[in-house]
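The values are calculated or read from the model by the stated rules, or taken from the named source; none is laboratory data. All values reported here derive from a predicted model rather than from experimental measurement. Please note: Cβ atoms are built from the backbone with ideal geometry, for glycine as well, and neighbour counts cover all protein chains shown.
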Amino acid sequence: MLEKLTAIVLHTKKYRESSLLVYAYTNVFGRQTYVVNGVRSEKNKTGMALFQPLTLLDAVAYHNPKSDMQRLYEYRLRWPLHSIPFNITKNAQALFIGEVLYKTIREQEPNAELFDFLFRAIMDLDALEQGIANFHLYFLVHLLRYLGYAPGNRYFFETPYFDVPSGEFIPFRPSHDLFFDAPQTQLFAALLQASPGQLSQIALRREQRNRFIDNMLSFLNHHFDMPVPIHSAAVLQAVFG
């Protein structure tokens, strides 16, 4: 049946001669894969621009619950992004965030809280003027809640380490290697408590930022029990380098 929905573009792949597979997170069906016909044809000069990572679309789709691929019939911008497509830093972050979501979200069912979080995060990134370089760190930390992996307790100065297997802040250095050291744990806690408008107050060097991303991706890899390679992380490191 035909369904109206709002979709957040996560990732795309070429499909057949002129079509596109669009992996999206929707307000009605959760994670879905859509076939968009003719969007890569020579006659369609602007279609591909609508399917960049984190683009927000209003769409009409044919939904068959027995199929792994649905078909997108109509689509238009839900909200035009004013800076993400044109700012090299924000564009690299959108690519990274889209890939993280593409590789971690699998549920094909609605989750209003997750959808609202993603929608607000995109709006925040698009509007942000200061502290931009820290936004993807902030996003990863707050995404954990919706993936079911938020820290199980609060951070205190007496708990200077974050233990990856337990997902908790702990008062002692663990005997294994899967933990965040004291500075990285403090950063984790600061990002948990920050709003997008406060990110400019968190001063970080490139090495600190890259190490935190590596730690967070290792955390996801551990709890997903499978590799979650995020290739666009290298793009971010190049941009910030």
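For the range 24-79, give me each residue that is of a type in the set (G, A, S) and assigned to a helix (DSSP H, G or I).
First, pick out the residues of the range 24-79 that are of a type in the set (G, A, S): 24, 30, 38, 41, 47, 49, 59, 61, 67.
Listed by number, the residues that qualify are G47, A49.
Kindly provide the set of residues from the range 7-53 that are among the β-branched types (V, I, T) and in contact with a helix residue (DSSP H, G or I) (Cβ under 8 Å, 6 or more places away or on another chain), ordered by number. Let's see the steps before the verdict.
Of all residues in the range 7-53, those among the β-branched types (V, I, T) come to 8-9, 12, 22, 26, 28, 33, 35-36, 39, 46.
Listed by number, the residues that qualify are I8, V9, T12, V22, T26, V36, V39.
Of all residues in the range 24-37, how many are of a type in the set (V, I, T) and free of Cβ contacts under 8 Å to residues at least 60 places away in the same chain? Before the answer, list the steps.
Pass one, the range 24-37, residues of a type in the set (V, I, T): 26, 28, 33, 35-36.
From what's left, free of Cβ contacts under 8 Å to residues at least 60 places away in the same chain: 33, 35-36.
The qualifying residues number 3.
Pick out the one residue from P85, P80, P65, P110 that is surrounded by fewer than 19 Cβ atoms within 10 Å (Cβ to Cβ) and in contact (Cβ under 8 Å) with a residue 60 or more places away in the chain.
Working: P85 fails: in contact (Cβ under 8 Å) with a residue 60 or more places away in the chain; P80 fails: in contact (Cβ under 8 Å) with a residue 60 or more places away in the chain; P65 fails: in contact (Cβ under 8 Å) with a residue 60 or more places away in the chain.
After applying the criteria, what remains is P110.
Within the group A61, A121, A112, A94, which residue is assigned by TED's automatic domain parsing to the domain that holds A24 and among the small types (G, A, S)?
On inspection, the qualifying residue turns out to be A61.
Would you mind finding the one in L77, L72, L56 that is hydrophobic (A, V, I, L, M, F, W, C) and within 21 Å of K103 (Cα to Cα)?
Values: L77 fails: within 21 Å of K103 (Cα to Cα); L72 fails: within 21 Å of K103 (Cα to Cα).
Residue meeting the stated conditions: L56.
Can you tell me which residue in the range 192-234 is farthest from the chain's Cα centre (by Cα), limited to those that are part of a loop (DSSP other than H, G, I, E, B) and small (G, A, S)?
We begin by selecting, within the range 192-234, every residue part of a loop (DSSP other than H, G, I, E, B); these are 194-195, 202-205, 225-232.
Keeping just the survivors that are small (G, A, S) gives 194-195, 203, 232.
Values: A194: 18, S195: 17, A203: 22, S232: 11 Å.
So the residue we want is A203.
Just checking, how many residues over the range 80-107 are out of contact with any strand residue (DSSP E or B) (no Cβ under 7 Å at 6 or more places or on another chain), part of a loop (DSSP other than H, G, I, E, B) and among the β-branched types (V, I, T)? Can you show your working first?
Looking only at the range 80-107, we keep the residues that are out of contact with any strand residue (DSSP E or B) (no Cβ under 7 Å at 6 or more places or on another chain), and these are 80-97, 100, 103-104.
Now restrict to residues that are part of a loop (DSSP other than H, G, I, E, B): 80-87.
Applying the additional criterion that residues be among the β-branched types (V, I, T) yields 84.
Summing the residues that are out of contact with any strand residue (DSSP E or B) (no Cβ under 7 Å at 6 or more places or on another chain), part of a loop (DSSP other than H, G, I, E, B) and among the β-branched types (V, I, T) in the range 80-107 gives 1.
Of everything in the range 2-23, what is assigned to a strand (DSSP E or B) and free of Cβ contacts under 8 Å to residues at least 24 places away in the same chain? Give them in sequence order. So that I can check it myself, show each step before the final result.
Initial filter on the range 2-23 (assigned to a strand (DSSP E or B)): 2-15, 19-23.
Those that are assigned to a strand (DSSP E or B) and free of Cβ contacts under 8 Å to residues at least 24 places away in the same chain: K13, Y15, S19.
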